[in-house]
Structure formats: C-alpha cells, structure tokens
Amino acid sequence: MGSAPLVEVTGDGLFCRAAGCHIDPWKPVERAIVTHAHADHATPGCGRYLASPTGKIVLARRVHAGAAIDAVGFGETIEMGDARLTLFPAGHILGSAQVRIEHAKTGETWVITGDYKTRPDPTCEAFEPVRCHTLLTESTFGLPIYRWDPDELVKAQINAWWRENSDEGRTSVVFAYALGKAQRVLGALEASIGPIGVHGAVLPLNEAYAEAGIALPETVHANKETAGELKGRGLIVAPPSAAGTPWLRRFAGPGGMSTAMVSGWMRVRGRRRWRPVDRGFVLSDHADWPGLLETVRESGAERVGVTHGSSRQLARYLSEQGLESFVVPTRYEGELGTEREEEQAGSEAEQ
Amino acid sequence: MKRFTDLYTALDATTRTGEKERLLVEYFSSTPPEDASIVLAILTGNRPKRAVKTPVLRRAVSEMSGVPPWLVAECYEQVGDFSETIALLLPDDCPAGTDEPLHRFVRERIGAMAGLSEETQVMALRETWSGLSREQKLVFHKLIGGSFRVGVQKKLVVRALATVAGVELAVMDHRLAGGFAPDAEAYETLLRTEDETDNAARPYPFFLAHQLDAPEEGLDAALGDPRVWIAEYKWDGVRAQLIRRAGQTLLWSRGEAIISGQFPELVSIGRSLDDGTVLDGEVLIWRDDSPRPFAELQQRLNRKVAPVVQPGLFDRDEAVLVAFDIIEAGGEDLRSLPLQARREKLIETVERSGDPALRLSEPVRGETWEALAKIRAGARSRGAEGLMLKHRLSLYGVGRRKNPDPADPGWWKWKLDPYSVECVLIYAQAGSGRRSGLYTDYTFGVWSDGPEKPERELVPFAKAYSGLTQEEIEKVDRFVRANTTGRMGPVRQVKPELVFELGFEGIGRSDRHRSGIAVRFPRMLRWRTDKKPEDADTMAALEALLSAQDGGRA
Ligand SMILES: [Zn+2]
C-alpha cells in the first residue's frame, strides 16, 4: 500500500489520484465518474462524465445540456492512468453503478457503492456483490430498525389501497421522487384497477426508462384534459412538492382524494407524521440494515468506510465486529443544523 | 388482541375525525364487553399500571435482537417512541400474531408480569414476543409501559359510544362523567337504553343567537321598534345550563360537557332551587363587581378535578352564573313561552334563591337604537363584548337560526368588533429576536365551505404575531412541536386543532392571497380553547364582512 490512499476525500468530493478522476463530486471538476443521476450525486458543470450505458440515458436529462458523457458497460474494465476501472450494477435506480477501482501496479482494490439496494427491482439492473480490499458503503438506513418487508407485500398493500379508494370514488395520489421511485411505484401497480396519471416532472424520466427498454404500465400526463378520466378512480404519481397545490386539487373525485408517501422512512411512525399524507408505504431504493451488513460481508473487505446516513453508528457497529471502519464525510456535514440535516436525509436520499 | 391492535393501528394512521369515529363505532359495536371495557378504560385515560420497568425491557430486547444496548439507544433517538423502537428491533417471526382475546392477554401476559423477578420477566417477555406480530408488539409495549395514549379525544369516544348504545350524546356524556373502570358489567350498563336517570341529567339544546351585521342606521328597518327588544350585555364567559332535578345539580357547558367539578360554588346554587329547574346563563369569574378576563375562567376550566364535586376546592369562590333565561320550572318545559314571561319567572327564581353566586342578567335601557348603540360602544369598559338583543316575544328555539323570521323573532348578538373571525392555526414559523426559537408567527385558516361539505378544507387567510401572553405562546410552541404534520423550509404545518379569535381593522380583496382576501392589522384577540376546529368560521363569513363593508361605503 502506498503512502496516500487509493481514494481520498477532497474539498470537491471523492478523488482517485491514480485514475485522475473524481467519483460523484459535489463541485464541478474536470472528470467525474457518476454512480447515478440523483441530484446529490450528479453535479452539473463537469468537463467529462463517465456512467453506465443506461445511467448515461438518465444523466443526460439531469445535468447541463450538451454535457460530454462517456459510457462503459457493466463488467467492462477500462484503464485510466494507473488504475483499472469497472462499473457494477448497484440496483438503486436505472443505470446506478458501483465503482471498482484497482491500482494497476499494487493490485489494491476499492469499491465505492454509491446508493444501492440488494433487493431485485424490475426497473433497474440487479445489484451484484463485488469483492475488494476497501469498501465505501452508503448507510442511509444504517440502523437495525430498518428492515424491509418483502416487496410483494408492500406492492399488494399499495394496490389494495388504490382499489379501496377507487371503490369509494377517491382519487389515489402517490408522492414519490420523480427519478427512480416514481418508476418503481409505476412498475408495482396493477394497471387493471384504473387509469394511471403522472405529474409533468415524472414524464421525461419515464421516457428515459422506456428508451432503456424498461417496461412500465401505460400512463397519461395528469392535466386538465385527463382530469375527468382520473378523478375518483385513477392513481396519480407526483413528486412530494406537488402536495397541496391547486394542480393536485383538480383531480379530487366525488369521494375526495387519498394521499400516500412511498419511502423507507415510512417505517417509523414519527416520520410518517412529518408528511401530511394519509398513508405511508415502506418501499425503499436503499439497502436495509441486513442488506448493508450482507454487502459488507460479501465484499470480503478488510476496511470499510461509511458515508451518507447513519455512518457513525454503522462504523461503530462494524468496528465492534472486528472490521477496520471509518466515517467518510459527506457534503452536508457540519454545514446545517441537526433538524435540517434530518430533512436533507429525508428528501435528498430518497430523491 | 388482534382487533384492538387493528383499531390502534388504524386510529394512529388517520388524522380524519370522521374516520376515527367510524373506527370506534365499528369496534365497540362488534367487540365482546370483556375486551371492549378494557379498551374504553384506556381511551378514557384509565390506563393499566406499568408492569415492567424500562431497563428490563431494554435488556430483553438487546438479548433477543442481538443489537448492543448503545445501538438500541441510537435507534430510540431516531424513532422517538420506545415501544415502537423495540417492536422495530425484534425479529418478525410471527407476522400472523396471536388470536388471544384482549382480556385474557391483559390478565395473563401483563397482569401476571408485575410481581415476577427480573429474570422471569425477561423470559416471559421472550415467550410473549414469539407469538406477536410487529403491530401487536407495539401495543403490548404500550400496555406494559403504563403510559398508553391513543390519539383520540374523549369527546369522540363518547360520541361513538352514544351511537353504539343509540342514546343521545348528552346522556352518554353523563354516564361516563364519573370515569370508567375496566369492567364488563359496567360496560354493559353503560350501553343500556335510556331510562329515568338519564332524563334527570339531560340539558336542553342551547338556543344560539345570530350575528347582527346590519349597520346602526339600518336597525330601525331591520329590527323595528327598539322597545320590543330586551338588550343585555354580552359577556365573554362560558355559556352553561344549571340543572336541578331529583335532588341533584349538574352544570353543562355549551360544548355539551359536564363542568360541575370545576365550579363547585355554582353547583351549590342548586340547593336553593326547586326540583325541576333549568337556568341558562353565562359562567364568569367575578371580582370587585366586574367580570375578569376570559383567561382566568379558562384556568378554572382546565383544572383537572375529581368527578365528585368538592365544595371549597378553590381558594376563593368567585365564579358566578349570570342567568338570562329559565327553560324549565316546576319540571315544566318553558321553551314555548315568550321571553317576557320566562323573564318574570327568572327574576322570581333568582330572588328566591338568594345565592350570591347566582346573578340576574340586567337589561340595559335605551329608548332608541342610537341610545343602545352608545351603550354598546361602552361595553368594553364593562368587560362585555357588546350587546345581546332578544325580542320580548321570542321563544327558546333550537340551535342557531339562519334568517330572522318575523313570526318568531329570535336573538341577536350585536358584538362590538365587527371584524372578528374564528380561525384555525395551520402553519407556524419561529420568530426572531426575543422570540427566536419559539414558534410565534402563525398562519390561520378558515373553512372553504360549511360543515355540510365533508371535503371542505382550511384556506390560509391571515398571519398574526401578536395578542398572546408569553405563557400562551409557550403553550402553542409546545403544541406546534408535538403536532407538526409537514415542513416547508422553516415553516411547519400543524394539525388543525387550535382555534383563535382573530381581530382586524379592515378587509379587502387581494390577488396575492390564496383566499382572495387581505386583512389589515390582524392580531389574536383570544385563544378559543373552548372551540373545536370544526366550529371555526368559513370563507362565507369573510365574504359577508367584505360585502358589509363594501355596502357601507357605496
Ligand atoms: Zn440516490
């Protein structure tokens, strides 16, 4: 092992000197590998981007117009400076990748997971465990209270809620972040229950998913023209910012409307109450506690860096299990008061 | 245990009052008394005692889940509820849960726990956990923790039980007024059909006055000769009926709640009244021959008191009933007598009583509307809010009438401040400077429609910062923190529960406000803890103020 670590934390974010490249930088840099297109990972204004082929399709719609984006297939190794670089599916959203970096001379290997989930998800490539010496893992849900029920159970809950609403003339509204969660929810719906409408912010991302060959049920743009069809029996997928807007109110059916939030945070009642919604469904695009521990184990890593979420707690737990672990600071740490940090975690991470 | 868990989970998941009531009715009408009585006791605040100490629970959960104690503490910090934290940490090895009836579960799994050694308690916990679903575990922890709270107002429980029993709300309220112990037999008695004892307690529906909006110069046209009206001060107190029947006295507030316990000195008036007497009036705190501000009355109302009336409970007996009507005398319903005749009986009754806590509402005298308007203008200095106008021939009607009926002219409240609206707190933001850190800047809403539209919503219409005492501000601050339902930057959305009387100087149309209306110099006149959010004003009330003002100018 050399004097400097293969991947280091700089003022711009994670940086690999051997490859001459940043990973998910939080400021515009020359060259950036982007694990996925969520706002807290994809910064506009970089010179060149590198992503997975499906990741590129989504990223092109999220960073600045005309951005130079290179794609490298999952499992293909490319040489960058003194490093060999390979992307593996992270199972978080369409095109999300883990980054494996191997030093060409020493053979030392690091894996940066980005956001990930270990459960299968029909709207994105399935997560693959990757072996390495040092693992940098996220920890959004890095506490043992977060254990997800089987997806099938949650999907059945969502559809049962929709069916009940539609029987009583209530429009169903699901608040889900426009990229990733919205498509996962759409993929979980039983289209036979009624018409499905989507907010304008969700439309372009659905197109990206279609371009990547992901099958989603038929949807209409929820607007003045389609309101009549959606009212009372339809389900509308919209970003949380649409809550309480006049746009949303026009879809109320004769029985009103019922709103729901779909997020891993909904596992905790207190978090459910933060949101002025009628229902909370626990469906997350992040690994739960057992998923995090399993990933650490399967990586075979000797050292584990923990970032983004309950990093302090997970790192301490892993240390007590005999692993060398440390906290990797994220962009927000120290800049905000506790209350806003929590909000940040609740909104950004599930974007 | 299954049904109760489902009830608890469903009540917890909804914020809609109507939905909560429906759930309660469904539960109580289909649950055997052995179980229902336990649930009713919990819902009315008679909770089971703590059976297991927190450290024992903490140890057991750590052992069973393999999560170290420090991490259990970290989890608790995120969840904010210990019962829930444990339920989330334990393995989900029994999603179906137990079918055991609640009363048996409480007796055998909780009651039996109390005397055991710590070791045995841990073993018993593990054994019980292995048969419970996640939701049942949460309820189990609440039951053994001794602090079971369900987010349901007692009023709602009473209403649901009244529906189940098929009796009037007031009847059920009275039956439950002495508290409820978990006993199947008592539960069955509670749900019996109405009988004599209920009749003795029942108040009459309060007759309510309508807001008088006509300008002073239009009163001759609107109300006719002022001399056919009885004008009285409109006091800022609590409207109540004092009932003396079958040797017992009860004090009912307009919210259909029994407030006898808070006002022993008013209950003792009953001893000076004949059986079969019902007086209607305003409860006030009276000192140095004038009424005290509403806040002092509020303190009395808020006092937690035993259901048994205790004379001399308060340092000073200074509550009074300012009686303005008599609805029953000699056991006879007087509501179809004209006010003039009722008033004579009232004067006679008050004089015969001689109890200093019973005062007669004295009419004010004015031969012309101009003279009455002058008296009204000085009402504030007397501690009153304005005048009440009651036609000498008016009957004691039911509820609040929509329009004046020439054949049966009613009661009018002629309030001093024409611009006062009752509205609901919906958003709060922290103040700055001296008030930083406290939620002091509020946004208030009024209803989009009347109560006949169940889907009506609260429309934000004014912001206000001033008018509350420091103590009230701190109370509202605590409420905001505990009842936040959403956040937009620094603004918290809160559960629509607190009602305030908002005063303002002017009103006009505005494109910049969602309500389409802007008000000048809004401030909180009063925190209406006696009002429920559904009592708040509607957009129609604002429109009426607006057109009254526009009409006045034109
Ligand atoms: Zn993400």
Practice problem: Search the stretch A:266-290 for residues that are within 14 Å of A:Val154 (Cβ to Cβ) and free of Cβ contacts under 8 Å to residues at least 60 places away in the same chain and pair each with any residue that is more than 16 Å from the ligand (Cβ to nearest atom) and part of a loop (DSSP other than H, G, I, E, B) when their beta-carbon atoms are under 8 Å apart and the residues are at least 6 apart or on different chains. | Solution: A:Met266/A:Val282
Self-check item: Positions within the stretch A:331-342 being surrounded by fewer than 16 Cβ atoms within 10 Å (Cβ to Cβ) and either more than 14 Å from chain B (Cβ to nearest Cβ) or modelled with pLDDT of 90 or more (or both), in sequence order
Solution: A:Tyr332, A:Glu333, A:Gly334, A:Glu335
Self-check item: Residues being part of a helix (DSSP H, G or I) and either more than 9 Å from every other protein chain (Cβ to nearest Cβ) or open to solvent by less than 40 Å² (accessible area, probe 1.4 Å) (or both) - total across the stretch A:265-288
Solution: 6
Quiz item: Taking the stretch A:267-291 on its own, how many of its residues are in contact with a strand residue (DSSP E or B) (Cβ under 9 Å, 6 or more places away or on another chain) and within 16 Å of the ligand (Cβ to nearest atom)?
Solution: 4
Quiz item: So which residues in the stretch B:52-62 are touching a residue at least 24 places away in the same chain (Cβ under 8 Å) and either within 14 Å of chain A (Cβ to nearest Cβ) or buried (at least 20 other Cβ atoms within 10 Å of the Cβ) (or both), if there are any at all?
Solution: B:Val52, B:Leu57, B:Ala60, B:Val61
Quiz item: Hey, among B:Val72, B:Val61, B:Val67, B:Val56, which residue is over 32 Å from the mean Cα position of the chain (by Cα) and in a loop (DSSP other than H, G, I, E, B)?
Solution: B:Val67
Practice problem: Specify which of the listed residues (B:Thr31, B:Thr120, B:Thr85) is of a type in the set (Ser, Thr, Tyr), assigned to a helix (DSSP H, G or I) and away from every other protein chain (no Cβ under 14 Å). | Solution: B:Thr120
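Okay, residues lined up against (1) among the acidic types (Asp, Glu); (2) closer than 27 Å to A:Arg272 by Cβ; (3) in contact with a Ser or Thr (Cβ under 9 Å, 6 or more places away or on another chain):
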position: B:Gly445; (1), (2), (3): no, yes, yes
position: B:Gly467; (1), (2), (3): no, no, no
position: B:Asp477; (1), (2), (3): yes, yes, yes
position: B:Gln493; (1), (2), (3): no, yes, yes
Quiz item: Just one of A:Ala90, A:Ala39 is within 16 Å of the ligand (Cβ to nearest atom) and surrounded by fewer than 16 Cβ atoms within 10 Å (Cβ to Cβ); which is it?
Solution: A:Ala39
Quiz prompt | Search result, residues across the stretch B:63-74 that are more than 11 Å from every other protein chain (Cβ to nearest Cβ) and surrounded by 17 or more Cβ atoms within 10 Å (Cβ to Cβ) | solution = B:Met64
Quiz prompt | the stretch A:252-264, residues that are more than 8 Å from chain B (Cβ to nearest Cβ) and closer than 17 Å to A:Arg233 by Cβ | solution = A:Gly253, A:Pro254, A:Gly255, A:Met257, A:Ser258, A:Thr259, A:Ala260
Quiz item: Looking at B:Thr98, B:Thr85, B:Thr44, which is the one that is surrounded by 15 or more Cβ atoms within 10 Å (Cβ to Cβ), under 30 Å from B:Glu455 (Cα atoms) and among the hydroxyl-bearing types (Ser, Thr, Tyr)?
Solution: B:Thr44
Quiz item: Within the stretch A:93-143, how many residues turn out to be of a type outside the set (Val, Ile, Thr), within 16 Å of the ligand (Cβ to nearest atom) and assigned to a strand (DSSP E or B)?
Solution: 5
Exercise. Sort out for me the helices (runs of 4 or more DSSP H) sitting completely within the stretch B:151-207 that have 1 or more residues that are among the charged types (D, E, K, R) and either in contact with a Cys (Cβ under 6 Å, 6 or more places away or on another chain) or closer than 18 Å to B:Ser30 by Cβ (or both).
Key: B:154-165, B:184-190
Quiz item: Is there any pair linking a residue in the stretch B:540-552 that is farther than 17 Å from B:Phe461 by Cα to one that is of a type in the set (Asp, Glu) and at pLDDT 70 or above, with Cβ under 7 Å and at least six apart or on different chains, and which?
Solution: B:Ala548/B:Asp213
Exercise. State all residues of the stretch A:191-201 that are modelled with pLDDT of 95 or more and hydrophobic (A, V, I, L, M, F, W, C); if no residue qualifies, say none.
Key: A:Ile193, A:Ile196, A:Val198
Quiz prompt | Criterion (in the same structural domain as A:Leu314 (by TED's automatic domain parsing), open to solvent by less than 10 Å² (accessible area, probe 1.4 Å) and out of contact with any Asp or Glu (no Cβ under 9 Å at 6 or more places or on another chain)) met by exactly one of A:Thr123, A:Thr134 | solution = A:Thr123
Quiz item: What do you reckon, is A:Ala182 open to solvent by less than 20 Å² (accessible area, probe 1.4 Å), out of contact with any Lys or Arg (no Cβ under 7 Å at 6 or more places or on another chain) and hydrophobic (A, V, I, L, M, F, W, C)?
Solution: yes
Quiz item: So which of B:Leu138, B:Leu161, B:Leu176 is of a type outside the set (Ser, Thr, Tyr), at pLDDT 90 or above and within 22 Å of B:Thr17 (Cβ to Cβ)?
Solution: B:Leu161
Exercise. Please determine, by comparing only the residues of the stretch A:289-330 that are under 16 Å from A:Val7 (Cα atoms) and in a loop (DSSP other than H, G, I, E, B), which one is most open to solvent (accessible area, probe 1.4 Å).
Key: A:Glu302
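Looking at the structure I just gave you, is A:Gly66 at positive phi, open to solvent by 60 Å² or more (accessible area, probe 1.4 Å) and in a loop (DSSP other than H, G, I, E, B)? Reasoning before the result, please.
Numbers: at positive phi: yes; open to solvent by 60 Å² or more (accessible area, probe 1.4 Å): yes; in a loop (DSSP other than H, G, I, E, B): yes.
When the stated conditions are applied, A:Gly66 passes them.
The values are calculated or read from the model by the stated rules, or taken from the named source; none is laboratory data. If you're wondering where the values come from, they're calculated on a predicted model, not measured in any experiment. Positions of Cβ are generated from backbone atoms using ideal geometry, with glycine treated the same way; all protein chains shown enter the neighbour counts. When the accessible area is computed, the model is the full protein with side chains, heavy atoms only, and any ligands, DNA or RNA have been set aside. Shrake-Rupley method; radii C 1.70, N 1.55, O 1.52, S 1.80 Å.
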